[in-house]
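Structure record follows, encoded as structure tokens.
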Amino acid sequence: MFLSALISLSVIAAKDTRLIERIGYQWGYFLLVFLLIRIQRSAILGSQYSYYLKSLNYSVKLTKITTVLLVILAGNAPLLAPSLLAFLIPNIDTLMTQFYFILFAISVLSIAVLAIKSATFLVFSLIIFPLISLLLVGTKIIDLFADIPLTQTATILNITWLSAMLLEGYFTSSLNNFYQRLSAKLHFNNPIKLAFSGKKYWHFRLIEAKQQLAANLGRLLTLVLISILVMIFQLKMHTLASIPVQLMLNYLFALVIASYHFDNEAFYKKYRYYLASLLITPTKRYFYDTLTIALPTLLMLFISILLLQFSYLIALILPLTIAITVIAIHYFTRNFFILPSILTLLLLLIFFAL
């Protein structure tokens, strides 16, 4: 699924790509690379064994080289592909006309470095800047660049975006202090007041979710990425996905959404004594677990039926597949995929039999 993002490189490299499309594709690619590295950050840095690693008599240079190699291994093709394509540019003239792609490749490498070094999510360069860029493109301000070739506007965009990344990375500590002061003024640090007895549970759960932010966003990005690929396919082929294809996509969506239950199980194991002190009953626990999975389920139902124009049967099949997968994760953790696979196979057999 991560490798499927390489398809977008042809659009990013093309000279005739419109500015609004370039922003969208590059934004998705930057988010993908950041999350891909960020999810593996603890393993790359060996955080769990930091004290042991400090006791070893190795030079700082060797440690940095090892970190670089592990980042390359973690980033894989999405990290290396833009740089390899940039090296294939044949001559100086082509290099000057496609300098925007060189800047894009440098930005991808910078994102990987910042994903390792930065202690927080790159809010400005990965959220605020692309949103502002899209808003500006949608206004009359973009008319000022109407006489400028697309390659030059792409170069201006990528220079500005790369500068924003580097500046945010450099001033990370200052930005963190600013966010903390802003949160204090807006009272974001106050406990969330919920109207039912589980408010302590949810406050604690939100703290845990924040610590696993990259993994949670990675799941959502995977769902959106699959949906975008299906949408592009349907537009190019001028037809909707057939029922068997919809069932297979439903299977993938269900596995990704139900994987949130792994976090539920890990949360209860990690904090079982604290949760026992809150007198959380099994009924409440399963109700709360349902809520954590219901939101992404509703999101995918909205995308599947309204945007991808899937059959309305998906509104029944997707929640059913997710429920069966969650039950399988709870009782058969290592072989959880067997039950949803059997269900999908039966649905396919019924379709072909009819």
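Just so it is clear, none of the values below were taken in a lab; they were calculated from the coordinates. A quick note: this is a predicted structure, and the numbers were derived from the prediction, not measured. Here the Cβ is made from the backbone with ideal geometry for all residues, glycine too, and neighbour counts use every protein chain on show.
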Among I327, I23, I280, determine the one that fluctuates most according to a GNM of the chain built with springs between C-alpha atoms less than 10 Å apart. I280
Here the convex hull volume per residue of region 199-353, taken over Cα atoms and given in Å³, is 116
Percentage relative contact order, region 3-185, counting C-alpha pairs under 8 Å, at least six apart: 32
Taking the C-alpha atoms of region 3-185, how large are the radius of gyration and the largest Cα-Cα span, Dmax, in Å? 18.3, 61
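Sorted from largest to smallest, which semi-axis lengths in Å does the alpha carbon gyration tensor of region 287-354 give for its equivalent ellipsoid, taking the root of 5 times each eigenvalue?
Numbers: eigenvalues 90, 76, 11 Å².
Semi-axes from the Cα gyration tensor: 21, 20, 7 Å.
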Among D289, D93, D263: highest mean-square fluctuation, GNM of the chain, C-alpha pairs under 10 Å: D93
Selected from L295, L221, L80 as most flexible by GNM, with the chain as the system and alpha-carbon contacts under 10 Å: L295
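What does the helix-only formula give at 222 nm for the chain: each DSSP H stretch with n ≥ 4 adding -39500 (n - 2.57), the total divided by the residues, and the result rounded to the nearest 500 deg cm²/dmol? Present the calculation step by step, with values, prior to reporting the outcome.
Numbers: 18 runs with 260 residues, N = 354.
Rounded to the nearest 500, the figure is -24000 deg cm²/dmol.
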So what is the relative contact order for the chain, in percent, with contacts set as C-alpha pairs under 8 Å and at least six apart? 17
Computed over the chain, the ratio Rg/Rh where both radii use C-alpha atoms and Rh is Kirkwood: 0.99
Take the Cβ-Cβ distance between S83 and T281 as r, set R0 to 51 Å, and report the resulting FRET efficiency rounded to the nearest 0.05. 0.40
FRET E, pair H330, L235, Förster distance 30 Å, beta-carbon r, rounded to 0.05: 0.15
